[in-house]
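Here the structure comes first, spelled out in structure tokens, and everything after it is commentary.
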Amino acid sequence: MITEATITLLLQAIVVGLLTGGIYALFAVGLSLILGVADIMTFVHGDFLMIAMYLTLAAVVATGAEPYVGIILVVPGMAMLAYFSFKYLPAVTKITAFPHMRQMLYMLGFSYLLQNLILMFVGARHQIISTSLTKYNFFVGDVFVSMPRLLAGVVSVILTITLMWVIKYTDLGRIIRAASQDREAASLMGINVDKTYMLTWIIGIGSLGFAGPLLAPIFAFYPIVGNYYLMIGFMCVVMGGLGNIGGALIGGIIMGVALELGNVFLPGSSGPILPFLVFVGVLVFKPEGIFGKPIRSKR
Amino acid sequence: MKKVMVVLFLVGILLLSACQANQPAPAPTPAPSVPGQAAASEPQPAPAAGVVKIGVIQPLSGPDGKYGEVIVPAYEYAVKQVNDAGGIQSLGGAKLELVWSDHQSSAETAISEVERLIERERVSVIAGANLSGIVLAATTATERLQVPFVVDVPAATAITERGFEYVFRTNVSGLFYGDTFAEFVNYLNEQGAGIESVAVTFRDLEFPQSVMEPVRDRSREEGLTVAYYGAYPAEAADLTTYSAQVRGTNPDVIATADNSVAFATLFTRGLNDLKVNPKMIIAANGAYEFEDWYAGVGDLKDGYLLMVQWNADVADPALAADYAQFTREPLNGHALLSMQAVYAIAEALELAGSTDPKAIRDALAVVRIEPGPRLVMPWSFLDYNEKGQNTGAQNMVVQWQDGKLVTVYPPEYATAQPIVPFNYWQR
């Protein structure tokens, strides 16, 4: 039975899904860069997002300002965290030279470390952040649009497109792409490959400095929330094609809408079944991802 | 062809999940008793003459450590009251002694701590443990070792539904919330509130479901229309869309439950964002009882009704003052439930005249506390039935009115009239 209420609900879910999908996209683009370009099997991307959210919380508690102002502090904070983790943690410094299985184990350990540090110093309690932006919420017909979500979605998509442009049209982007396509050839051309990987790592994690403050006023967060975002992120990345930034953007938006539709039309906690089905469906029909190039050979 | 089969298979899974996801989980089966093991670890009577050892297992550290902090002084206060009044008369004035134990919110730790309390410390009876999940685990050990476990705060229905003989729950069970809700709605309708439909929604976890399912069932029995019944995911989810779903059904009442303050806050805000305006919003305690919730939602809490076991405005002033002086903590519901558990044990010991766990179990099964200094909860009696559930336990309904939490039901405890319908979004 399709009633007017069902259609409103459907539209509502699509609007929310599109906007949340924008944030998933921002998260997935960073992940895609690290996985596909720097070729680091990261399992800490979700945990870095969690850290970005807790940094936002710290900024809000310390200054009493809006969470979005936190971006000024959280972006450099995340970039520095990325720099130091790449430079001084043995797990990351040498990681690009390790085989994937060993990278994975290192990264899982690093992930537990970050989660438990937060658990130890902040506690397991669910956190949320308030924003006064909610007073600008509005309705389009019967469909509700929340201002924090609109801001998050739009800003994320703009950032993602900016990143795409940087990778595609700037020298920095060309260096990153060269290093990812052929490590040896790039270093013969005078590119410092290790430095390029570090830069990719920093860009990927630095972008979470935007995602954290944008997400924190919308969703509840807690020390192990990163696992949830990591799962979604992986699906977006693989769906869009590994290392393909435009693909990650589209993947993020598809995931956002599918998850929201699943949450509305499937009962209880079974909502994520729908995005998983979409994901499996994509893998069945196009294993290389929607925008991925056909798989030719193994690296 | 292969791909078509895969797609059909996936769609099949989707349909199956849609049909099954909302069915209740099967009740846990009772742990099989192991006679040989029980006999080998038969607990001895308390070693020191004139002392009865009570094991108390609580979250003293770990993520829920702060709940333990509130409860420790309550146990100590109640024990002091019993000892100061001459101890257990039938045991020649024996004093109660608490043996503390920390379960750190871990079921495994709880089980090994219960074993330690019984086998090493030789306690006669155990009380605790604040969290439903922990009690469900810990009581499998007490059942096996045949030592009574007196449950203080936890309300999950399953605790007393497993056919265990050594479990005694002092507080209400989840089923009581259905009765409270139905009785309260009938009471309002007698005054002309005209409540006909209800939307029931909760976070997809043990406690919220075990209190909201009875609300749905009792509503149907009372002839109310259940316009919406659904759980929101326990993981990061957009509660705005859920609020939109509830709004679409246009219910007279929204009944809800949650155990995470953050999710409860998001849901409260979601209802407000969407200007959902039922005649009343009623929540089970749990997250909605915590200071973090009412601080976090600010003015949005006005008009919210809560099903709780105790509220400050029904406190016995003498007890509240004495308690605050002894413990330096304000009296609260969890503390009173803990004290009630100690008093139930003391009365059972009086009846049993023995420190043998089995004798205490038999005494707990028949003990009955009438109103008086040993009945500190606002109940008319305390009496454990054959399942170990206290049938005298009762919920109250309280409402946020002008920034104050006042008791509105049952009428004999009410300090204010319920404001229903409440105009939620014209504040």
Given (1) modelled with pLDDT under 85; (2) more than 21 Å from the chain's Cα centre (by Cα), identify the lone condition not met by A:Gln103. (2)
Hits in segment A:239-257 - residues which are within 12 Å of chain B (Cβ to nearest Cβ) and either more than 20 Å from the chain's Cα centre (by Cα) or among the small types (Gly, Ala, Ser) (or both): A:Gly256
With respect to A:Ala13, is the statement that it is within 13 Å of another protein chain (Cβ to nearest Cβ), free of Cβ contacts under 8 Å to residues at least 60 places away in the same chain and of a type outside the set (S, T, N, Q) true? no
Of all residues in segment A:131-179 being of a type in the set (S, T, N, Q) and surrounded by 17 or more Cβ atoms within 10 Å (Cβ to Cβ), which is farthest from B:Ser243 (Cα to Cα)? A:Thr160
Could you please give the count of residues in segment B:51-78 that are among the aliphatic types (A, V, I, L, M), over 22 Å from B:Asp292 (Cα atoms) and outside any helix (DSSP H, G or I)? 5
Take the conditions assigned to a helix (DSSP H, G or I), away from chain B (no Cβ under 14 Å) and aliphatic (A, V, I, L, M) and apply them to A:Ala5. Does it pass? no
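Here is a yes/no grid of residues against (1) among the hydroxyl-bearing types (Ser, Thr, Tyr); (2) within 28 Å of B:Val135 (Cα to Cα); (3) away from chain A (no Cβ under 14 Å):
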{"residue": "B:Gly223", "(1), (2), (3)": "no, no, yes"}
{"residue": "B:Val253", "(1), (2), (3)": "no, no, yes"}
{"residue": "B:Phe263", "(1), (2), (3)": "no, yes, no"}
{"residue": "B:Val276", "(1), (2), (3)": "no, no, no"}
{"residue": "B:Met280", "(1), (2), (3)": "no, no, yes"}
{"residue": "B:Ala287", "(1), (2), (3)": "no, yes, no"}
Within segment B:210-221, restricting attention to residues that are surrounded by fewer than 18 Cβ atoms within 10 Å (Cβ to Cβ) and of a type in the set (Asp, Glu), which residue is farthest from the other protein chains (Cβ to nearest Cβ)? B:Glu221
Exactly one condition in (1) in a helix (DSSP H, G or I); (2) among the β-branched types (Val, Ile, Thr); (3) within 30 Å of A:Gly70 (Cβ to Cβ) is false for A:Val278; which is it? (3)
Show me the helices (runs of 4 or more DSSP H) entirely contained within segment A:123-220 in which 1 or more residues are more than 19 Å from the chain's Cα centre (by Cα). A:147-169, A:171-181, A:183-188, A:193-206
Residue list for segment A:221-234, restricted to those being part of a loop (DSSP other than H, G, I, E, B) and surrounded by 23 or more Cβ atoms within 10 Å (Cβ to Cβ): A:Tyr222, A:Pro223
Determine whether A:Glu260 is surrounded by 21 or more Cβ atoms within 10 Å (Cβ to Cβ) and either within 11 Å of another protein chain (Cβ to nearest Cβ) or modelled with pLDDT under 90 (or both). yes
Of the residues A:Gly30, A:Gly109, A:Gly36, which is within 30 Å of B:Thr240 (Cβ to Cβ) and not β-branched (Val, Ile, Thr)? A:Gly30
Based on this model, can you work out whether A:Leu26 counts as surrounded by fewer than 24 Cβ atoms within 10 Å (Cβ to Cβ), more than 13 Å from chain B (Cβ to nearest Cβ) and touching a Gly at 6+ places or on another chain (Cβ under 9 Å)? no
Return the residue satisfying two criteria in turn: it lies in segment B:188-204 and is crowded, with 20+ Cβ neighbours inside 10 Å and outside any loop (DSSP other than H, G, I, E, B), and of such residues it is farthest from the other protein chains (Cβ to nearest Cβ). B:Leu188
Please tell me if A:Val37 is more than 12 Å from A:Gly209 (Cβ to Cβ) and in contact with a Pro (Cβ under 8 Å, 6 or more places away or on another chain). no
Check off (1) free of Cβ contacts under 8 Å to residues at least 60 places away in the same chain; (2) farther than 24 Å from B:Arg116 by Cα for B:Tyr187 and give me the number that stays unchecked. (1)
If I filter segment B:233-251 down to residues being more than 15 Å from A:Gly268 (Cα to Cα) and either surrounded by fewer than 24 Cβ atoms within 10 Å (Cβ to Cβ) or modelled with pLDDT of 90 or more (or both), which single residue comes out as farthest from the other protein chains (Cβ to nearest Cβ)? B:Pro251
Of (1) in a strand (DSSP E or B); (2) away from every other protein chain (no Cβ under 14 Å); (3) among the aromatic types (Phe, Trp, Tyr), B:Phe207 satisfies every one except (1)
Which condition from (1) surrounded by 18 or more Cβ atoms within 10 Å (Cβ to Cβ); (2) free of Cβ contacts under 8 Å to residues at least 12 places away in the same chain; (3) among the charged types (D, E, K, R) is the one that B:Glu347 breaks? (2)
Selection from segment B:131-144 of residues that are surrounded by fewer than 24 Cβ atoms within 10 Å (Cβ to Cβ), touching a residue at least 40 places away in the same chain (Cβ under 8 Å) and either touching a strand residue (DSSP E or B) at 6+ places or on another chain (Cβ under 6 Å) or over 16 Å from B:Ile71 (Cα atoms) (or both): B:Gly133, B:Leu136, B:Thr140, B:Glu143, B:Arg144
Taking into account only those residues within segment B:352-384 that are under 17 Å from the mean Cα position of the chain (by Cα) and over 13 Å from B:Ala341 (Cα atoms), which is surrounded by the fewest Cβ atoms within 10 Å (Cβ to Cβ)? B:Pro378
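The values are calculated or read from the model by the stated rules, or taken from the named source; none is laboratory data. Just so you know, these numbers come straight off a predicted model, no measurement behind them. So basically every Cβ, Gly included, is an ideal-geometry build from the backbone, and we count neighbours across all protein chains shown.
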